[in-house]
1. Is it true that ILE64 is closer than 19 Å to ASN40 by Cα, touching a residue at least 40 places away in the same chain (Cβ under 8 Å) and among the β-branched types (Val, Ile, Thr)?
2. Mind counting the residues in region 83-107 that are touching a helix residue (DSSP H, G or I) at 6+ places or on another chain (Cβ under 6 Å) and part of a helix (DSSP H, G or I)?
3. I'd like to check something: does region 97-115 contain any residue that is surrounded by fewer than 16 Cβ atoms within 10 Å (Cβ to Cβ), farther than 16 Å from VAL4 by Cα, of a type in the set (Ser, Thr, Tyr) and within 14 Å of the chain's Cα centre (by Cα)?
4. Are any of the residues in region 50-61 crowded, with 17+ Cβ neighbours inside 10 Å and assigned to a helix (DSSP H, G or I)?
Amino acid sequence: MNNVKTLNKWANAHTYLPIDIVRMSLGVFLFLKGVYFLSNIQYLVDLLSPIDHIGGGMFLLHYIAPAHLVGGVMIFFGLLTRWAIFAQLPILLGAIVINFAGQMQEQNLFLALLTLVVCIGFLIYGSGKHSADYYFKMQQ
């Protein structure tokens, strides 16, 4: 817990609006990806087909889209950002694994890697000063 407080103090002292815009863009991207998965459920089923033999396919179908939708909104507003990103990490790691298990799609692999790197950055950095977390912390 002490490490999180230290990271928050450092992030709040070194916060910049462009970093918050990147966080908000990440939230919008994840939300739109969730909407896309909900509107094209067959595409999601086809993406998960290389790991279908492992099991849990129905769980994955019902986890990925809602996690992107809710997580995207939470990341956009900066509300419990680290928890929302923590929920995205298994999905992003799975997206990278699926590219190696099935047919390699360089564009999807690059997008998953870029999103994973940005998520890990915000997992360390936090939500910043222009966020709901900071606002609620200042209201106490």
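1. Answer is no for this residue.
2. Selection size over region 83-107: 11.
3. The answer is no; no qualifying residue exists.
4. Checked against the condition, which is being crowded, with 17+ Cβ neighbours inside 10 Å and assigned to a helix (DSSP H, G or I), region 50-61 yields at least one hit.
No lab work stands behind these numbers, since they all come straight from the coordinates. Predicted model only: the values in this text are computed from it and were never measured. Quick reminder, even Gly has a Cβ in these numbers, built from the backbone with ideal geometry, and neighbours come from all protein chains shown.
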